[in-house]
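Engineer: My structure is below; once you've seen it, I'll send some questions.
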Amino acid sequence: MTTPGAADAVTSAAHRAVAAVWGIESARLIAGLARLTGDVALAEDLAQDALVLALERWPEIGVPDNSGAWLMAAAKRRAIDHLRRRPMLDRTHAQLGAEHDARAGEAAAALDAAMDDPVGDERLGLMLMTCHPVLARDARVALTLRLVGGLTTDEIARAFLVSESTVAQRVVRAKRTLAAARVPFEVPRGAELGARLASVLEVLYLVFNEGYTATAGDSWVRPQLCDEALRLGRVVVGLAPGEAEAHGLVALMELQASRLRARVGPAGEPILLLEQDRGRWDRVLIGRGLAALARAEALAHATGGSLGPYALQAAIAACHARARVAADTDWTRIAALYDALADAAPSPVVSLNRAVAVAMAYGPAAGLALADALAAEAAAGGALRDYHLLPSVRGDLLEKLGRDAEAREEFSRAAALTRNARERELLLRRAAATGRSDDDARGYR
């Protein structure tokens, strides 16, 4: 007989397996269902039904060998049931009869086709649907991050520096708008693709960032999110090869991804940029990133325009990639690039990063003056009021200036604000070490 403790352990293990498979398969599952039903909200409901069934059944039957296929099959049955019921609203019992079996077969075939997107990527098809111009920009990005990126409302809220309730409302309204407009699951071309491209690139950028530095949880990085964003970015470049910013974003992701192996230590602890073993940086990804940046620059030059925000950030990442040791980093150029980025895409986060670059190029006092101005805005209710990197940056600059007591206070405040356990440990270590001669090495992200 299975003891209650053993049964609980089995259930817990099964639920962990469900969560892992859902994280991998949910976007593809919702994409196929959306393509079949033409309704994103319904597709998510059907996929959630399959998830609930797995939570109920897997503790009893065990985790299936091909758990992803099991979840797909469960969703397919739910979709078939839905499609079989739908005509009953408009037909008499006499008309239904033999049509049920035929419709079930058609539904199964349709869902099989929906799971095999003609572009070769279901997630991209779903992304292009959720980035439809019928939605407001904020709604497009929130919905796409939720369904395609798999980010929680909390993670999205942190990315946009808004409340969770605001994000939740945007997602609900976006689903209703798509359903009311009967937006089809399709891959647009030409000008219509261009109209959605900015939102698609923004979503990929945010998904990658969440993977590069996780908002919350026990891991500082989530490499699978970086991999997925980069993969989709390469697909987008194939669809829009003449778009400089598409190449710029891919360049940025390639260059940032090159550091992933060096960003964490053996126990998963964060290793900041200036302390990373650059011998562990992926030179293949760096080469790809530099080549993509060159294409972005060539396209921008050919059209007489300047580099966009993603290409500018890629150019900043390239400065780090080209420096074989941290001391060789061209911080003066990085500061100038941040000046250009602040003009092209002004935001408090860009301003904070610019403060770091100015500090590295011209001294900590110059950077602290900029960070202090941002802190004053935050204290007055600005967007960075709960952003942990603001006190983290101020703590580093104050420490460099020998103002140890203030630095410890800022590191402690940053630790209290972050939702990531690994980052909190790092910040608390820095608070404890500030003022000691054998303190931890310092470096930027």
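Computed from the coordinates by the stated procedures, all read-outs in this text should not be read as laboratory data. The shown structure was predicted, so the numbers you read here are calculated from the model rather than taken from an experiment. Ideal geometry is used to build each Cβ from the backbone, glycine not excepted, and the neighbour counts take in all protein chains shown.
Engineer: Which value in Å is the Kirkwood Rh of segment 363-403 over different Cα pairs?
Structural biologist: By the Kirkwood definition, the hydrodynamic radius is 10.2 Å.
Engineer: I've got another one for you. Mean shadow of segment 24-65, computed from the convex hull of its alpha carbons, in nm²?
Structural biologist: Convex hull of Cα atoms, orientation-averaged projection: 3.1 nm².
Engineer: Which is farthest toward the positive dipole end of segment 272-350 among ALA292, SER347, GLY308, measuring Cα position about the Cα centre, with Cβ charges +1 (Lys, Arg) and -1 (Asp, Glu)?
Structural biologist: Among ALA292, SER347, GLY308, the one farthest towards the positive end of the dipole of segment 272-350 is ALA292.
Engineer: What angle do you read, to the nearest 10 degrees and between 0 and 90, between the alpha-carbon axis of helix 389-400 and the longest principal axis of the chain?
Structural biologist: 20 degrees
Engineer: Now for a different question. Among THR153, THR130, which comes first, second and so on when ranked by fewest other beta-carbon atoms within 10 Å?
Structural biologist: Arranged by neighbour count, lowest to highest, THR153, THR130 become THR153, THR130.
Engineer: By count of other Cβ within 10 Å, fewest leading, how are VAL250, VAL349 ordered?
Structural biologist: Fewest to most other Cβ atoms nearby, the residues stand as VAL349, VAL250.
Engineer: Report relative contact order for the chain in percent, whole number only (criteria: Cα-Cα under 8 Å, sequence separation at least 6).
Structural biologist: It comes to 11 percent, rounded to a whole number.
Engineer: Can you give the charge dipole size of segment 288-389 about its Cα centre, rounded to the nearest 20 debye, using +1 on the beta carbon of Lys and Arg and -1 on the beta carbon of Asp and Glu?
Structural biologist: 360 debye
Engineer: Something else about it: Report, to the nearest 10°, how far helix 331-344 tilts away from the longest principal axis of the Cα atoms in the chain, using its own Cα long axis and a range of 0 to 90°.
Structural biologist: The angle comes out near 50 degrees.
Engineer: Can you sort ARG424, ARG158 from fewest to most other Cβ atoms within 10 Å of each residue's own Cβ?
Structural biologist: Fewest-to-most ranking of ARG424, ARG158: ARG424, ARG158.
Engineer: Given charges of +1 on the Cβ of Lys and Arg and -1 on the Cβ of Asp and Glu, with all other atoms neutral, how large is the dipole of the chain about its Cα centre, in debye to the nearest 20?
Structural biologist: Result for the chain is approximately 300 debye, rounded to the nearest 20.
Engineer: Using 0.36 nm per residue of separation minus the Cα-Cα distance, give me the extension gain between ILE61 and ARG234 in nm, one decimal.
Structural biologist: 58.3 nm
Engineer: Something else now. How high is the relative contact order of segment 120-211, in percent, with contacts defined as C-alpha pairs under 8 Å that are six or more residues apart?
Structural biologist: Dividing the mean separation by the residue count of segment 120-211 yields 41 percent.
Engineer: Alpha carbons only, please: Rg and Dmax for the chain, in angstrom.
Structural biologist: Cα-based Rg and Dmax for the chain come out at 24.5, 87 Å.
Engineer: On to the next question. Which listed residue (LEU274, TYR212, LEU232) has the Cα farthest towards the positive end of the charge dipole for segment 160-286, taking +1 on Lys and Arg C-beta and -1 on Asp and Glu C-beta about the Cα centre?
Structural biologist: Of the options given, the answer is LEU232.
Engineer: How far is helix 4-37 tilted, in degrees, relative to the longest principal axis of the Cα atoms in the chain, given as a value from 0 to 90 rounded to the nearest 10?
Structural biologist: Rounded to the nearest ten degrees, it is 80.
Engineer: Now for a different question. Of the trypsin sites (Lys or Arg not before Pro) in segment 310-358, which ones lie in a loop per DSSP and count no more than 15 other C-beta atoms within 10 Å?
Structural biologist: ARG324
Engineer: How far is it, in nm, from the label point at PHE160 to the one at SER306 when both lie 7 Å from their Cα along the line to the Cβ?
Structural biologist: The answer from the label model is 2.8 nm.
Engineer: Rounded to whole Å and sorted largest first, what semi-axes of the equivalent ellipsoid does the C-alpha gyration tensor of segment 120-211 yield via the square root of 5 times each eigenvalue?
Structural biologist: Over the Cα atoms of segment 120-211, the semi-axes work out to 20, 15, 11 Å.
Engineer: Another question, if that's okay. Of ARG182, ARG261, ARG295, which has the largest mean-square fluctuation in a 10 Å C-alpha GNM of the chain?
Structural biologist: Ranking ARG182, ARG261, ARG295 by mean-square fluctuation puts ARG182 first.
Engineer: Given +1 on the Cβ of Lys and Arg, -1 on the Cβ of Asp and Glu, and no further charges, what dipole in debye does segment 120-211 carry about its Cα centre, rounded to the nearest 20?
Structural biologist: Here segment 120-211 has a charge dipole of around 360 debye.
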